[in-house]
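These notes concern the structure reproduced below.
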Amino acid sequence: PGNYNNLWREVETFGKYAYVTTEAGGGLQIVNLSNLPGTNLPYVFWTPTINSQTLSSIHSLHVDENKGKVYLYGSNIGQQGAIVADVNSTPMAPVYLGYYDDRYIHDGYVRNDTLYACHIYQGDCEIVDMTNPAAGVSLADFQTPNLFTHNSWLSKNSKTVFTTDETTNSFLTAYDISNLNNISELDRIQSNPGSNRYVHNTQILQKSGAEYSVTSWYTDGVVVVDVTRPANMV
């Protein structure tokens, strides 16, 4: 059971727990999956008060699995930035740690306290040091090809970030971020060139020493791209 009168929803798992966001309100839903495949799945809603506002709607989320922290994006709180909570020790009772709230963040990826924040309306991806969740430090910022930055994901070696632009005739794009003072585009690719398709979300998966982007596209469905060599995506 949950709030379902909204089209936008995201689910991520961390250990035996699923974290669910929606713009329908009700806060962050947390489901204990331990009893699967049984249907008795205990759940709670996390609705903390942050700066005198009660958390209700949330557009998306990501879990920094290395640190056991959940990041919530595009909520009803403040400027709709990134809310951070610890879920490592008490997975069904997040501990609020702080938030990075300079402007709206649509989605993002986090690894080892480094946030790759997607500012969809400004068309840029911002890299932020979130070691102190209450005082994030902006490290770098770069624009994406269609200036409508929807999501991001990191390569295994943390040297390449992949982004998507949720607009017509858009791209999955790879960037070299090994030097934050000189971020450069490596390559860009489309599912169906000339069709004006929209890209949506990408995730990077590793298998047998190779890396693949698994990307959803409007109309075209799911497209798998070999990004082992990010300067030559296939």
Checklist entry - In the range 90-111, which residues are within 14 Å of the chain's Cα centre (by Cα), of a type outside the set (Phe, Trp, Tyr) and either part of a loop (DSSP other than H, G, I, E, B) or more than 21 Å from Phe45 (Cα to Cα) (or both)? => result Ile105, His106, Gly108, Val110, Arg111
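Considering only residues that are of a type in the set (Gly, Ala, Ser) and outside any loop (DSSP other than H, G, I, E, B), which ones fall in the range 29-80?
Keep residues of the range 29-80 that are of a type in the set (Gly, Ala, Ser), which gives 34, 38, 52, 56-57, 60, 68, 74-75, 78.
Scanning the range 29-80 gives a single hit, Ser60.
In the set Thr215, Thr163, which member is touching a Cys at 6+ places or on another chain (Cβ under 7 Å) and outside any loop (DSSP other than H, G, I, E, B)?
Values: Thr215 fails: touching a Cys at 6+ places or on another chain (Cβ under 7 Å).
The conditions single out Thr163.
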Item to check | Every residue from the range 218-231 that is open to solvent by less than 60 Å² (accessible area, probe 1.4 Å), of a type in the set (A, V, I, L, M) and not in a strand (DSSP E or B) | outcome: Val227
Item to check | All positions within the range 7-20 that are over 14 Å from Ser75 (Cα atoms), open to solvent by 30 Å² or more (accessible area, probe 1.4 Å) and either outside any strand (DSSP E or B) or aliphatic (A, V, I, L, M) (or both) | outcome: Leu7, Val11, Gly15, Lys16
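Here's a check for you: in the range 21-49, which residue that is of a type outside the set (Ser, Thr, Tyr) and in contact with a Lys or Arg (Cβ under 7 Å, 6 or more places away or on another chain) is surrounded by the fewest Cβ atoms within 10 Å (Cβ to Cβ)? Break it down stepwise before answering.
Taking the range 21-49 as the starting set, the residues that turn out to be of a type outside the set (Ser, Thr, Tyr) are 23-33, 35-38, 40-42, 44-46, 48.
If we keep only those that are in contact with a Lys or Arg (Cβ under 7 Å, 6 or more places away or on another chain) too, we end up with 32-33.
On the way: Asn32: 17, Leu33: 15.
Result: Leu33.
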Checklist entry - Which condition breaks for Ala135 when tested against (1) under 29 Å from Ala85 (Cα atoms); (2) within 19 Å of the chain's Cα centre (by Cα)? => result (2)
Checklist entry - So which residues in the range 8-53 are more than 24 Å from Asn88 (Cβ to Cβ) and without any contact (Cβ under 8 Å) to a residue 12 or more places away in the chain, if there are any at all? => result Pro37, Gly38, Thr39, Asn40, Ser52
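The values are calculated or read from the model by the stated rules, or taken from the named source; none is laboratory data. Computed from a prediction, not measured in an experiment: that's the story for all the values here. Neighbour counts run over all protein chains shown; Cβ positions are idealised from the backbone, glycine included. Each accessible area value is taken on the protein alone, full model and side chains, heavy atoms only, with ligands, DNA and RNA left out. Shrake-Rupley method; radii C 1.70, N 1.55, O 1.52, S 1.80 Å.
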